[in-house]
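The values are calculated or read from the model by the stated rules, or taken from the named source; none is laboratory data. These numbers were taken from a predicted model, which means no experiment stands behind them. Heads up, the Cβs are rebuilt from the backbone with ideal geometry, glycines too, and the neighbour counts pull from every protein chain shown.
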Amino acid sequence: MIEQSGKANGIRRKRSWVRTPPPEHTPSTEDWVRIAREMLISEGIVAVKIDRLAKVAGVTRGGFYWRFKSRDELLEALIEDWREWNTTPMLRVLQSDAPPKDRMRGLAELYIEGRGFSEAYDSAVRAWAALSPPIAEIVRAVDGIRLQALEELFRDVGFDADEAMIRARITYFHQVGYYAIGMQETAEDRWALVDRYTAVLFSNLMK
């Protein structure tokens, strides 16, 4: 980065900084977010510090500032990464044109196979939210988006708004609780229950 200053019409201009291209081999923005994500998952948000990130990246603190103005800017990128990583694939499945049962099975695949959803990442962000009201607000908003997509799925099955809302909550709260309490089951065991879960959630047992 280069400092610029000078005079114009006899008035001294305030100093400003012009961002120059980073040196070769400087970690990319995506690299910094990935390192922060891994640190958040393994050690929690308090561990996500510039010095520690730079050490893992193998550069000095200066290498960090080629990509971010501050730790806060990195954390903004990190929460956006979580939102994209753990929500966009879910919405893509739930809002597709596939039959409802296929969409439910696609959702199960995201959770069970971990392709398009990371339970560890979700848990780490929820732990972060417990320490930060602004992050908690973002998490609540994302939960609302996910629940809305599930409600639409159940309305497509034929349930009214109230029934769809209840079944969406059962589905979503069950899954969040599943990894929050650390359930230990093999993927094979979980897949064996998917059709049963779907049959129960798609049926109206009150009739």
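Quick grid of which residues meet (1) within 23 Å of Val194 (Cα to Cα); (2) basic (Lys, Arg); (3) without any contact (Cβ under 8 Å) to a residue 60 or more places away in the chain:
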{"residue": "Arg83", "(1), (2), (3)": "no, yes, yes"}
{"residue": "Val93", "(1), (2), (3)": "yes, no, yes"}
{"residue": "Ser96", "(1), (2), (3)": "yes, no, yes"}
{"residue": "Pro100", "(1), (2), (3)": "yes, no, no"}
{"residue": "Leu110", "(1), (2), (3)": "yes, no, yes"}
{"residue": "Gly116", "(1), (2), (3)": "yes, no, yes"}
{"residue": "Pro133", "(1), (2), (3)": "no, no, yes"}
{"residue": "Glu137", "(1), (2), (3)": "no, no, yes"}
{"residue": "Arg146", "(1), (2), (3)": "yes, yes, yes"}
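Each row is one residue, and each column tells you yes or no for (1) within 19 Å of Pro133 (Cα to Cα); (2) not basic (Lys, Arg).
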site: Glu43; (1), (2): no, yes
site: Val48; (1), (2): yes, yes
site: Arg61; (1), (2): no, no
site: Phe64; (1), (2): no, yes
site: Ser70; (1), (2): no, yes
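If you go through the range 88-107, how many residues are assigned to a loop (DSSP other than H, G, I, E, B) and polar (S, T, N, Q)?
Summing the residues that are assigned to a loop (DSSP other than H, G, I, E, B) and polar (S, T, N, Q) in the range 88-107 gives 2.
What residue, of Ala164, Ala136, is modelled with pLDDT of 95 or more and surrounded by fewer than 17 Cβ atoms within 10 Å (Cβ to Cβ)?
Ala136
Between Ala164, Ala108, which is small (Gly, Ala, Ser), touching a helix residue (DSSP H, G or I) at 6+ places or on another chain (Cβ under 8 Å) and within 19 Å of Thr88 (Cα to Cα)? I'd like the intermediate steps shown before the answer.
Numbers: Ala164 fails: within 19 Å of Thr88 (Cα to Cα).
Of Ala164, Ala108, the one residue that is small (Gly, Ala, Ser), touching a helix residue (DSSP H, G or I) at 6+ places or on another chain (Cβ under 8 Å) and within 19 Å of Thr88 (Cα to Cα) is Ala108.
From the residues in the range 39-70 that are charged (D, E, K, R) and surrounded by fewer than 14 Cβ atoms within 10 Å (Cβ to Cβ), which one is nearest to Ala127 (Cα to Cα)?
Ranking the qualifying residues of the range 39-70, first place goes to Glu43.
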